[in-house]
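Chemist: Quick one: this structure, given as structure tokens, is what I'll be asking you about.
The values are calculated or read from the model by the stated rules, or taken from the named source; none is laboratory data. Nothing here was measured: the structure is a model prediction, and the numbers come from that model. Every residue, glycine as well, gets a Cβ built from its backbone with ideal geometry; the counts of neighbours run over all protein chains shown. Just so you know, the surface numbers come from the protein's heavy atoms only, side chains and all, with ligands and any DNA or RNA stripped out. Shrake-Rupley method; radii C 1.70, N 1.55, O 1.52, S 1.80 Å.
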Amino acid sequence: LQVKTIKSVPLTIPFKGKLLVQGECMMTNSSFEEYNKTAEIPLKNPRNGVAGAVRNLDPKETEKRKLDYFCYDVLLIDGVQFTTQQEMNTFIKEQGFITDSYFKIINSLEDAVKEIEAVDQVKDNLDTMIDGMVIKINDCSKREDIGYTNKFPKWAMAWKFKAVELSTTLL
């Protein structure tokens, strides 16, 4: 029931075979601020707003948080073979799922570093909290050659931005 309260999760999709997608729930900064205006117990940050929201027992509480579901991978699909991540992203959007609007094809390490630096400069102005980026091999056939660790694909790398450090005076 809780997932049905997330408006960005489509209740039906055009594809009729077996499909397993992967993604994550997020709470935008604007939804977080709106929620906290009327909340009995304000949330500390949008990530806390998501944590437990789907697991709680009251779908009305989940709905109040105005979560979004961002889909980023197709784990299993009947009868379709993707050749690139770009093709997969297009398919995900065609099914009515949302993906992050940021998606770029990078052709060199130097361009990847420039892109990471550019996003690092604007991340605080986005409506979603991010602490990094994921860099994936676009060519799906090369992914099988690169393989997986016990838990993660070797063909996808999470790049974390430098942590923000602040000081305070304890009285």
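Chemist: Is it the case, given these coordinates, that residue 40 is open to solvent by less than 60 Å² (accessible area, probe 1.4 Å) and free of Cβ contacts under 8 Å to residues at least 12 places away in the same chain? Talk me through it step by step, then tell me what you get.
Modeler: Values: open to solvent by less than 60 Å² (accessible area, probe 1.4 Å): no; free of Cβ contacts under 8 Å to residues at least 12 places away in the same chain: yes.
When the stated conditions are applied, residue 40 does not pass them.
Chemist: Is it true that some residue in the range 50-62 is within 15 Å of the chain's Cα centre (by Cα), surrounded by fewer than 15 Cβ atoms within 10 Å (Cβ to Cβ) and in contact (Cβ under 8 Å) with a residue 12 or more places away in the chain?
Modeler: no
Chemist: Out of curiosity, is residue 1 over 28 Å from residue 88 (Cβ atoms), surrounded by fewer than 18 Cβ atoms within 10 Å (Cβ to Cβ) and touching a residue at least 40 places away in the same chain (Cβ under 8 Å)?
Modeler: Working: over 28 Å from residue 88 (Cβ atoms): yes; surrounded by fewer than 18 Cβ atoms within 10 Å (Cβ to Cβ): yes; touching a residue at least 40 places away in the same chain (Cβ under 8 Å): yes.
Against the criterion (over 28 Å from residue 88 (Cβ atoms), surrounded by fewer than 18 Cβ atoms within 10 Å (Cβ to Cβ) and touching a residue at least 40 places away in the same chain (Cβ under 8 Å)), residue 1 qualifies.
Chemist: If you scan the range 11-26, which residues turn out to be within 20 Å of residue 46 (Cβ to Cβ) and buried (at least 16 other Cβ atoms within 10 Å of the Cβ)? Steps first, answer last, please.
Modeler: Narrowing the range 11-26 to residues within 20 Å of residue 46 (Cβ to Cβ): 23-26.
Listed by number, the residues that qualify are 23, 25, 26.
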